[in-house]
Amino acid sequence: MADIGKDIERPLGQTLRPQRKASRGISGGALAAMAAVLAVIGISGAIALREKPFRKPEEVAVSTPKVVAAPTTPAPPPAPAPVAAATPQASTPMKSGGPQIIHVQTEEVDGPPKAAIVIRDPSTLGQNLKVAHIPDRALIEASETGPLPMRSADGRRPFDVYARPWSGARGARVAIVIGGLAVSQTGTQAAIAKLPAEVTLAFAPQGNSIGRWMQAARQSGHEIVMQVPLEPFDYPNVNPGRNTLTVSASPDENLKSLHWALSRTTNYTGVMNYMGARFSADASAMQPFMAELGKRGLAYIDDGSSSRSVAPDLALKDGVPFVAGDMAIDAVQDRGEILKKLDSLEATARAKGSAVGIGSAFDITVDTVTSWIAEAKKRGIEIVPISAVAIDPQKG
């Protein structure tokens, strides 16, 4: 009766199925599933027990050749393309005739050593323009009147150390020297600011604030020379100024006057006469003067105003770099006349290879020279410092 009651309560359409006896074994599907689970557990355990798994990515062979991961220390900024392409070693020998890349090893600090790269270009001569206003202490002799230029213990000359670099290329070269700097403060400031850096500036020893103007000129890239007053004809009616070197003075007196002019500032390559037609024609007066320049490693720039100057022969004898001016460019203070002189300089440079013009720091001269140089460069004329056209007996 109990079974009949259960059948009555069962929903229509569902018949009672016979019950199966429980299986005494495990089916094949269950065994396969269990095997898969055990395999996963085994692999996971092996990975977990492995020493520092995947902690050394740099030792994983990604491809052939082996790729080594970059160090964790921050890399220096990328070098310019030409340097990055080269891979010289620290032991690479020095080579001459071109720029050199030198690796300088620094101290090792908590990691692999770092190397700095220094580029050295032997074609760039003279003092670095960024520090050109700083005197080289090895080239200074202390005196009662101030610092005197001198050769260094290793033989370096102010003529070489303070020379402005130039290309060294062949071609038409024009050197222009503008004198009278430091006499007029406004005129000096304008000349330094306006004139191209290739123009050489000459300072008058009687000027004011010469040290300050020297620094400004050198920081602007100019090579500089010091003017020295020498006795002209009809002296003292025509008077170059204080401490003029004269024919009648003794050699010691003239050297004292020369030292006064030389000590007015530093960082110049040579001296240029201011007047001096009579003095420069007298060999007995010029000889001690020129010998002193040779001893101190300075050049002599003759402004070319006197055809009787004995300076060329004495300069060769005493080992003094020598330059003679070809013409005064501003004897007539007129823009048109100055331009004619400058064009004549260009013609001389094309014919002879170089030419030297001498002028003064007048406003009209500064403005005319500045505009002419801009055009001359377009015509292939190179404007060079005065040292670039000097005849140097010590260099053959």
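How about segment 224-244: which of its residues are over 38 Å from the mean Cα position of the chain (by Cα) and under 21 Å from GLN287 (Cα atoms)?
Within segment 224-244, GLU231, PRO232, PHE233, TYR235 meet the criteria.
Which pairs have Cβ atoms under 7 Å, sit 6 or more apart or on different chains, and link a residue in segment 305-328 that is over 19 Å from VAL225 (Cα atoms) to one that is crowded, with 18+ Cβ neighbours inside 10 Å and of a type in the set (D, E, K, R)?
SER309/ASP302
Does THR348 satisfy being among the β-branched types (Val, Ile, Thr), surrounded by fewer than 19 Cβ atoms within 10 Å (Cβ to Cβ) and modelled with pLDDT of 95 or more?
Taking the combined requirement at face value, the residue satisfies it.
I need the full set of residues from segment 364-381 which are surrounded by fewer than 20 Cβ atoms within 10 Å (Cβ to Cβ) and of a type outside the set (A, V, I, L, M, F, W, C), in order please.
Within segment 364-381, ASP367, THR370, SER371, GLU375, LYS377, LYS378, ARG379, GLY380 qualify.
Could you tell me which of the residues ALA311, ALA347, ALA324 is within 32 Å of the chain's Cα centre (by Cα), closer than 17 Å to ILE391 by Cβ and among the hydrophobic types (A, V, I, L, M, F, W, C)?
ALA324
With respect to ILE386, determine if the residue is surrounded by 22 or more Cβ atoms within 10 Å (Cβ to Cβ), without any contact (Cβ under 8 Å) to a residue 60 or more places away in the chain, β-branched (Val, Ile, Thr) and in contact with a strand residue (DSSP E or B) (Cβ under 9 Å, 6 or more places away or on another chain).
no
Please count how many residues of segment 245-268 are charged (D, E, K, R) and more than 18 Å from SER284 (Cβ to Cβ).
1
Consider ARG212 carefully, then state whether it is farther than 30 Å from GLN287 by Cα and modelled with pLDDT of 95 or more.
yes
Yes/no per residue for (1) closer than 23 Å to ILE178 by Cβ; (2) surrounded by 20 or more Cβ atoms within 10 Å (Cβ to Cβ); (3) among the basic types (Lys, Arg):
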{"position": "LEU262", "(1), (2), (3)": "yes, yes, no"}
{"position": "GLY270", "(1), (2), (3)": "yes, yes, no"}
{"position": "GLY276", "(1), (2), (3)": "yes, yes, no"}
{"position": "SER284", "(1), (2), (3)": "no, no, no"}
{"position": "PHE289", "(1), (2), (3)": "no, yes, no"}
{"position": "ARG296", "(1), (2), (3)": "no, yes, yes"}
{"position": "ALA299", "(1), (2), (3)": "yes, yes, no"}
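What is the one condition in (1) closer than 26 Å to LYS256 by Cβ; (2) in contact (Cβ under 8 Å) with a residue 60 or more places away in the chain; (3) surrounded by fewer than 22 Cβ atoms within 10 Å (Cβ to Cβ); (4) under 23 Å from the mean Cα position of the chain (by Cα) that GLY146 does not satisfy?
(4)
Only one residue in ASP367, ASP392, ASP334 is in contact (Cβ under 8 Å) with a residue 24 or more places away in the chain and over 24 Å from ILE192 (Cα atoms). Which one?
Going through ASP367, ASP392, ASP334 in turn, the sole match is ASP392.
The values are calculated or read from the model by the stated rules, or taken from the named source; none is laboratory data. Just so we're clear, the structure is a prediction, and the values are computed from it rather than from any experiment. Don't worry about glycine lacking a Cβ; one is built from the backbone with ideal geometry, like all the others, and counts go over all protein chains shown.
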